[in-house]
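**Student:** Please find one structure pasted underneath; my questions will follow.
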2 protein chains.
Amino acid sequence: MRQIVEERTGSPTRQPSYAEPHHPGLRVATHVTVLHEGDPARRIMEVVEGAVMLTKLLPDGRRQVVELLGPGDVFGLAHDDAYACSAETLTPATIATHERSALERDPVLASRLLRRFEAQLCVMHSHALVLGRMSALERVAFFLLRLMPEGMVGGTLHLSMTRQEIADFLGLTLETVSRAFSELKRRGFVALQRADEVRIQDRGSMRRLAGAL
Amino acid sequence: MRQIVEERTGSPTRQPSYAEPHHPGLRVATHVTVLHEGDPARRIMEVVEGAVMLTKLLPDGRRQVVELLGPGDVFGLAHDDAYACSAETLTPATIATHERSALERDPVLASRLLRRFEAQLCVMHSHALVLGRMSALERVAFFLLRLMPEGMVGGTLHLSMTRQEIADFLGLTLETVSRAFSELKRRGFVALQRADEVRIQDRGSMRRLAGAL
DNA sequence: CGTGACCTTGACGTCGATCAATATTTGTGG
DNA sequence: CCACAAATATTGATCGACGTCAAGGTCACG
């Protein structure tokens, strides 16, 4: 069922979030669809905290997770005044929203969004390389490296995505993703405490598989 | 061999192009690599006229054409102060370049780039759907529709890309692209006067194949 | 007219999709 | 806390779309 941010928050006359000093956003629970592909694009949004995925659908129901967003990332982009993607939370999240017209008025906001768009565009470029040219095993290795920020070596990564969601992100099926996890485990590159708790054991081999990054 | 824009243009002390009123850019011939993945990212660039493709390479030589650019599109994006993609002209082109610092100084420029980044990000989102979830035939249909702007029905489209370049864009091999063209021709959806001259005969069927757009 | 780049087509192999059965985890009510 | 149901994950068997390898064919250019 459709469930949009505005329905989950108190007063509809609430001020735009950027006016608020310390918690400049709406709190949203896990697995909430924040906006829908095709809906009229009124606002532009920013992840303050948590994780959000953007998805697109084909008429026959095939789905692609086109982007994974974390704090600072921007979404709610428009093509012909309609949202180009749906957005769904992967974790509880805080989301800030801005009137599109604020982009003209507020050069500080515009400048932040510009930098962020540049970063996201670069990430999309790498993702095109992943989707267009990498094998299943390489894709999964790349995915895990991207989620495991350089610093946290030895730490355990909690995946807040199901195998199906990972598959839809990597252009695979859930079975293939599962087999790739098993294969990485078999090779000793990663360890899985549970299906959604991953530890990278051999970062070097993973990087070689993923082709740098 | 490496051949960058600055080598092909007269004075190295030339003023930034946005200062020039009417031909605000550098002229570049076909098949010139304007910038190289990994090089220090000094400038940000804009296609004024012509077509440019952005490519990324894997260490073993696999290539992905990550984006096709036309007039107005922006490239030369940086990740860690290095260009994230190589850029090569597909046709003779005019290219404007800006100091990265100009983004701070010039809000008009920043605003234009912001709008353009948004559009390009949307295009990348569709492309992820294409690469992740579409069959070879669907990808080629989608590709042709994107190059044939709604208006020019009945017109003949000149592809300025080889089968290999199209394949690298669509995440296929050149043979598969060639077979897809043949299949579209066999079905009567397109006509090929020459390998690089396409006419779309049945736009409806093409759209159904490509899943809207 | 010959050479090289590009394209087409065919035969065959392979990686990942599909179909299916089982295992594991999560959530719910007694 | 346990029993059961539902969701999610794993693994195996088979199939098919696309990749690979190979042999011409077409076109532009000197």
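**Student:** Looking at the structure I just gave you, is B:Thr176 within 13 Å of chain A (Cβ to nearest Cβ) and open to solvent by 40 Å² or more (accessible area, probe 1.4 Å)? Give the derivation first.
**Tutor:** Values: within 13 Å of chain A (Cβ to nearest Cβ): yes; open to solvent by 40 Å² or more (accessible area, probe 1.4 Å): yes.
Yes; evaluated as a whole, the condition is true for this residue.
**Student:** Of the residues A:Thr89, A:Thr97, only one is more than 12 Å from DNA strand C (Cβ to nearest atom), polar (S, T, N, Q), surrounded by 20 or more Cβ atoms within 10 Å (Cβ to Cβ) and under 14 Å from the mean Cα position of the chain (by Cα); which?
**Tutor:** Values: A:Thr97 fails: under 14 Å from the mean Cα position of the chain (by Cα).
Being more than 12 Å from DNA strand C (Cβ to nearest atom), polar (S, T, N, Q), surrounded by 20 or more Cβ atoms within 10 Å (Cβ to Cβ) and under 14 Å from the mean Cα position of the chain (by Cα) holds for just one of A:Thr89, A:Thr97, which is A:Thr89.
**Student:** Name the residues in the stretch B:146-162 that are near DNA strand C (Cβ under 9 Å from one of its atoms) and open to solvent by less than 50 Å² (accessible area, probe 1.4 Å), would you?
**Tutor:** As a first pass, look at the stretch B:146-162 and keep what is near DNA strand C (Cβ under 9 Å from one of its atoms): B:159, B:161-162.
Within the stretch B:146-162, B:Leu159, B:Met161 qualify.
**Student:** Ok, one more. So how many residues does the stretch B:65-76 have that are part of a loop (DSSP other than H, G, I, E, B) and open to solvent by less than 10 Å² (accessible area, probe 1.4 Å)? Give the derivation first.
**Tutor:** Restricting attention to the stretch B:65-76, the residues satisfying the condition of being part of a loop (DSSP other than H, G, I, E, B) are B:70-73, B:76.
Now restrict to residues that are open to solvent by less than 10 Å² (accessible area, probe 1.4 Å): B:76.
Residues flagged as part of a loop (DSSP other than H, G, I, E, B) and open to solvent by less than 10 Å² (accessible area, probe 1.4 Å) within the stretch B:65-76 amount to 1.
**Student:** Give the number of residues within the stretch B:104-125 that are more than 7 Å from every other protein chain (Cβ to nearest Cβ) and open to solvent by 10 Å² or more (accessible area, probe 1.4 Å). Steps first, answer last, please.
**Tutor:** Initially, the stretch B:104-125 is screened for residues more than 7 Å from every other protein chain (Cβ to nearest Cβ), giving B:104-106, B:108-109, B:112, B:115-116, B:119, B:123.
If we keep only those that are open to solvent by 10 Å² or more (accessible area, probe 1.4 Å) as well, we get B:104-106, B:108, B:112, B:115-116, B:119, B:123.
The number of residues fulfilling the criteria is 9.
**Student:** Only one residue in A:Ser182, A:Ser135, A:Ser126 is within 13 Å of DNA strand C (Cβ to nearest atom) and under 26 Å from B:Met134 (Cα atoms), so which one is that?
**Tutor:** On the way: A:Ser182 fails: under 26 Å from B:Met134 (Cα atoms); A:Ser126 fails: within 13 Å of DNA strand C (Cβ to nearest atom).
Among A:Ser182, A:Ser135, A:Ser126, only A:Ser135 is within 13 Å of DNA strand C (Cβ to nearest atom) and under 26 Å from B:Met134 (Cα atoms).
**Student:** Let me ask another. Tell me whether the stretch B:14-24 contains one or more residues that are modelled with pLDDT of 95 or more and within 26 Å of A:Gln120 (Cβ to Cβ).
**Tutor:** No.
**Student:** Another one. I'd like to check something: does the stretch A:180-201 contain any residue that is in a loop (DSSP other than H, G, I, E, B), more than 14 Å from DNA strand D (Cβ to nearest atom), out of contact with any strand residue (DSSP E or B) (no Cβ under 6 Å at 6 or more places or on another chain) and at pLDDT below 95?
**Tutor:** no
**Student:** While we're looking at this one, here's another question. If I ask for residues that are within 13 Å of chain A (Cβ to nearest Cβ), assigned to a loop (DSSP other than H, G, I, E, B) and away from DNA strand D (no atom under 16 Å from the Cβ), which ones from the stretch B:126-152 would you list?
**Tutor:** Residue satisfying the conditions is B:Glu150 alone.
The values are calculated or read from the model by the stated rules, or taken from the named source; none is laboratory data. All values derive from a computational prediction rather than experimental measurement. Don't worry about glycine lacking a Cβ; one is built from the backbone with ideal geometry, like all the others, and counts go over all protein chains shown. Quick note on the areas: whole protein, heavy atoms, side chains included, nothing else; ligands and nucleic acids left out. Shrake-Rupley method; radii C 1.70, N 1.55, O 1.52, S 1.80 Å.
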